[in-house]
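S.K.: Let me begin by handing over the structure; questions about it come next.
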Amino acid sequence: MEEVTTYEKRGKRDPFVSLVVTAVEKPRKGQTPLENYDVSAIKILGIVWNEKGHFAEIVLPDGKAYTLREGMTIGIHEGKIQKIDNNRIVIIERIKDYRGQLKSKETILKLREGEEE
């Protein structure tokens, strides 16, 4: 007699899909160049401020420079720039965990020492 086992996948995760969620996604049509790269690949050139607030000058891996302000969308995970102050940028991203649920992730980009003035 042969024993037959079946797997009911409804309500369970696929055992053949990696638990590690990769950050490599193709840009969707209509995104700005700021949304084509992971936030960890962005380099801050400088931060300036005036009576209207703080602004950050950044360079992307493709070598192009952009000016950021609070509230802008940046990164492949549609992160929002929460705060820019004298030496850092705080970005809140919504990233899927291994279960596929969205979680908030805070990323802080800092100026290197010597570039803060």
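S.K.: Calculate, for Lys64 and Asp14, the FRET efficiency according to 1/(1 + (r/R0)^6) with r their C-beta to C-beta distance and R0 35 Å; round to the nearest 0.05.
M.R.: 0.35
S.K.: A follow-up question, please. Between Ile108 and Asn86, what length comes free when the chain is fully extended (0.36 nm per residue of separation minus the Cα-Cα distance, one decimal in nm)?
M.R.: Taking 0.36 nm per residue and subtracting the Cα distance, the gain is 6.6 nm.
S.K.: In addition: Please give the contour-minus-distance gain from Thr32 to Met1: 0.36 nm per residue of separation, less the Cα-Cα distance, rounded to one decimal in nm.
M.R.: 4.9 nm
S.K.: Using every alpha carbon pair in segment 41-110, what percent of pairs falls into each 5 Å bin from 0 up to the bin containing the largest distance?
M.R.: Reading upward from the zero bin: 3, 17, 26, 24, 14, 8, 5, 2, 0.
S.K.: In nm, to one decimal, how far is the Asp97 label point from the Asn50 one, both placed 7 Å along Cα→Cβ?
M.R.: Label-label distance for Asp97 and Asn50, simple model: 4.4 nm.
Here, each number is a calculation from the coordinates, and none is a lab measurement. Since the structure is predicted, the reported quantities are computational estimates derived from the model, not experimental observations. A quick note on method: Cβ atoms are made from the backbone with ideal geometry, for glycine too, and the neighbour counts reach across all protein chains shown.
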